[in-house]
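What follows is a single structure, written as structure tokens, with notes after it.
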Amino acid sequence: MATAKEQALSEEPYQITMDKLLSPEQVEALLNTCKRLAKLDLASGRKVWVVRYLMVHLACGSGLRACEIAWLRVADFHRQEGGALLSVRRPKGRSHRVVQVGPKLADHISEHLQVKRMTWGEACGPQELILPGRGAKPYTTAALCCSFRKAVEAAKLPGSYSLRNARHSYSTFLLAKTDDLRYVQRQLGHANQSMTVLYRDVAPKINYGLAGDLIW
């Protein structure tokens, strides 16, 4: 049976605090580390960091949940001027929402698909997963979270940072850049704005310029 203190803590409203966020500088370091190791792997004929780099970039540059990254298919990527749209699916492939991403992430996805086709000889039909796991099946949430932690470790960032922290960071960066709660709510797929509002208190504390550059 829960103690009075434990019950009181469980009833406290969820809060977004700075310790739940990667700073823009940390996200930049994480992406740069992944990019460097991906280049080494690509030159050596390995795939691990090439795949991990795109997964980390999707987490940090679009705020997608692990299960949403796992279910992205080629047909869900819609290139447009100045960026791209991602049709985001939930488990079992159900369509959920459309997310706008900036030109850097759009270029990265395009380049990754080209590597899959031209270098690895992998199928890239409309229904193929962008990041297929073993047997061309979607990665599990646990596998993606584990992969993200390995990227954090390689970048020598605090080991407490997770893929969920990347989503929190993206949300804060986007709100700092746009100051548009409704837009951020749509991007993140929040059921109501009460969750989105939680990022408002921490948004002014980050590096606006670098945050905006990272996600757009």
Margin query: Could you compute how much accessible surface H96 exposes when probed at 1.4 Å, giving the result in Å² to the nearest 10?
Written below: 80
Margin query: How high is the relative contact order of region 128-178? Use alpha-carbon pairs under 8 Å, at least six apart in sequence, and give a whole percent.
Written below: 20
Next item on the list: Springs between alpha-carbon atoms under 10 Å, Gaussian network over the chain: tell me which of M55, M118, M195 tops the mean-square fluctuations.
Entry: M118
Note to self: If you fit an axis through the alpha-carbon atoms of helix 103-114 and take the longest principal axis of the Cα set of the chain, what angle between them do you get, 0 to 90°, nearest 10?
What the structure shows: 40
Next item on the list: May I ask you to order 60-66, 47-53 by the average number of other C-beta atoms within 10 Å around their residues, highest value first?
Entry: 60-66, 47-53
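Using 0.36 nm times the number of residues separating L85 and M118, minus their current alpha carbon distance, what extension gain do you get? Please report the intermediate quantities before stating the final value.
Details: separation 33, 0.36 × 33 = 11.88 nm, distance 2.35 nm.
Gain on extension, L85 to M118, equals 9.5 nm.
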Note to self: Cut-off under 15 Å on the C-alpha distance; same-chain residues fewer than 8 positions from K156 excluded. Which aspartates and glutamates are left, in chain and number order?
What the structure shows: E25, E28
Notebook entry, point to check: Out of C124, V99, A84, whose Cα points farthest toward the positive end of the dipole of the chain (charges: +1 Lys, Arg; -1 Asp, Glu; placed on Cβ)?
Noted result: C124
Next item on the list: Return the long-range amide H neighbours of R97 (sequence gap of 5 or more, or a different chain), with a cut-off of under 5 Å between placed amide H atoms.
Entry: V88
Notebook entry, point to check: What's the angle, to the nearest 10 degrees (0 to 90), between helix 163-178's Cα axis and the longest principal axis of the chain?
Noted result: 80
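Using only Cα atoms, figure out Rg for region 54-129 and give it as a multiple of 2.2 N^0.38 Å. It would help to have the intermediate numbers written out before the result.
Values: Rg = 11.7 Å, N = 76, 2.2 N^0.38 = 11.4 Å.
Ratio of Cα Rg to 2.2 N^0.38 Å: 1.03.
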Checklist line | Efficiency of FRET between M195 and D19 - r from beta-carbon atoms, R0 25 angstrom, step 0.05 | finding: 0.85
Notebook entry, point to check: Taking the alpha carbon gyration tensor of region 19-176, what are the square roots of 5 times its eigenvalues, largest first, to the nearest whole Å?
Noted result: 22, 19, 15
Check: Near the amide H of Y139, under 5 Å away, which other amide H atoms are found, from residues 5 or more places off or on another chain, if H is placed in the peptide plane?
Finding: G133
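The values are calculated or read from the model by the stated rules, or taken from the named source; none is laboratory data. Computed from a prediction, not measured in an experiment: that's the story for all the values here. Quick reminder, even Gly has a Cβ in these numbers, built from the backbone with ideal geometry, and neighbours come from all protein chains shown. Protein only, heavy atoms only, side chains kept; ligands, DNA and RNA dropped before computing areas. Shrake-Rupley method; radii C 1.70, N 1.55, O 1.52, S 1.80 Å.
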